[in-house]
Amino acid sequence: MRLSAAFREQFIQHEMRTHGRKNGFVTAGQEARLLKWLPKIGLPKAKTLAMANIPQDSPIVLEIGFGNGDFLVHLAEKHPDWTLLGIEIYLPGVAKAVGRLEDAGVIERVRITQLPAQYVLTHQVAESQLDGVFINHPDPWPKARHHKRRIIQKDFALLLVSRLKPGGFLKLASDIPELAEWMRDILDHTEGLTNVAGDAGYVPRDEGRVMTKFEERGLKAGRKSLFLHYVKV
């Protein structure tokens, strides 16, 4: 169904330029869940993470581009002490994630935004506020002229580091070797980050890690995912 005008006005960001799909169709049931939960767990433009009613001692971990929410649910179930911040610009993905988080009984420990990651980190997350960041299978933007659209760039890497606590982690995954090398090259040369794998570059897949849609899609196409793990020093 097409979203109601009232819903679009309240929850969809229109003015910020983003690359890739942003809005789309949701079912009536999905819209009802969004209307129920986004006022409680949403992080709109005028709100900072410090205003999001997060328990004082809870580690805060961010996933950028959470897709349909499978990995967010996995993290929430595996780490019941964490508060999760999820960023996803594609509205049907947000709708699916909200439903899965609610069904799993973990939704109240998650904060969700449809705003661009650059904006969220710059304006809504304070310095040294995050305990960790996950970026799973970001868009590879394979054409050379589109490489500037890739999420990992030198300036963005420095922004990520500034928002991590000392000892905080940054974990990334990609089934595209050229993109994995792109991210590794930038992050290996980013001041403040140490590659846990050292000269090996990539770490083994985390034990018990959930199989996401994009990782499974890569395997079906004959591409094994590569995993990066950095720590802020």
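The values are calculated or read from the model by the stated rules, or taken from the named source; none is laboratory data. Since the structure is predicted, the reported quantities are computational estimates derived from the model, not experimental observations. In this analysis, Cβ positions are derived from the backbone assuming ideal geometry, glycine residues included, and neighbour counts consider all displayed protein chains.
Report every pair of residues separated by at least 6 positions or lying on different chains whose Cβ atoms are under 7 Å apart, first residue within the range 21-47 and farther than 20 Å from GLU108 by Cβ and aliphatic (A, V, I, L, M), second buried (at least 18 other Cβ atoms within 10 Å of the Cβ) and modelled with pLDDT under 85.
These pairs meet every condition: VAL26/LEU3.
Can you confirm whether the range 193-202 contains a residue that is surrounded by 14 or more Cβ atoms within 10 Å (Cβ to Cβ) and under 15 Å from the mean Cα position of the chain (by Cα)?
no
Return the pair list, or none, for Cβ contacts closer than 7 Å from residues in the range 202-227 that are free of Cβ contacts under 8 Å to residues at least 60 places away in the same chain to residues that are part of a helix (DSSP H, G or I) and among the aliphatic types (A, V, I, L, M), at least 6 apart or on different chains.
Final answer for the pair search is LEU226/ALA180.
Hey, any hits in the range 95-105 for a residue that's of a type in the set (Asp, Glu), closer than 15 Å to LEU38 by Cβ and part of a helix (DSSP H, G or I)?
Checking the range 95-105: at least one residue is of a type in the set (Asp, Glu), closer than 15 Å to LEU38 by Cβ and part of a helix (DSSP H, G or I).
For the range 181-191, which residues satisfy the criterion of being closer than 13 Å to LEU170 by Cα, in contact with a Leu (Cβ under 8 Å, 6 or more places away or on another chain) and either surrounded by fewer than 14 Cβ atoms within 10 Å (Cβ to Cβ) or not hydroxyl-bearing (Ser, Thr, Tyr) (or both)?
If the condition is that a residue be closer than 13 Å to LEU170 by Cα, in contact with a Leu (Cβ under 8 Å, 6 or more places away or on another chain) and either surrounded by fewer than 14 Cβ atoms within 10 Å (Cβ to Cβ) or not hydroxyl-bearing (Ser, Thr, Tyr) (or both), then MET183, ARG184, LEU187 are the ones that fit.
Just need a number here: residues in the range 175-233 that are among the basic types (Lys, Arg) and assigned to a loop (DSSP other than H, G, I, E, B).
Summing the residues that are among the basic types (Lys, Arg) and assigned to a loop (DSSP other than H, G, I, E, B) in the range 175-233 gives 4.
Of the numbered conditions (1) touching a Gly at 6+ places or on another chain (Cβ under 9 Å); (2) surrounded by fewer than 20 Cβ atoms within 10 Å (Cβ to Cβ), ARG111 satisfies every one except a single condition; which is it?
Result: ARG111 fails condition (2) only.
Of the residues that sit in the range 53-91 and are in contact with a helix residue (DSSP H, G or I) (Cβ under 8 Å, 6 or more places away or on another chain), in a loop (DSSP other than H, G, I, E, B) and of a type in the set (A, V, I, L, M, F, W, C), which one is modelled with the highest pLDDT?
It comes out as TRP82.
What number of residues within the range 118-170 are outside any helix (DSSP H, G or I) and in contact (Cβ under 8 Å) with a residue 12 or more places away in the chain?
Matching residues across the range 118-170 total 29.
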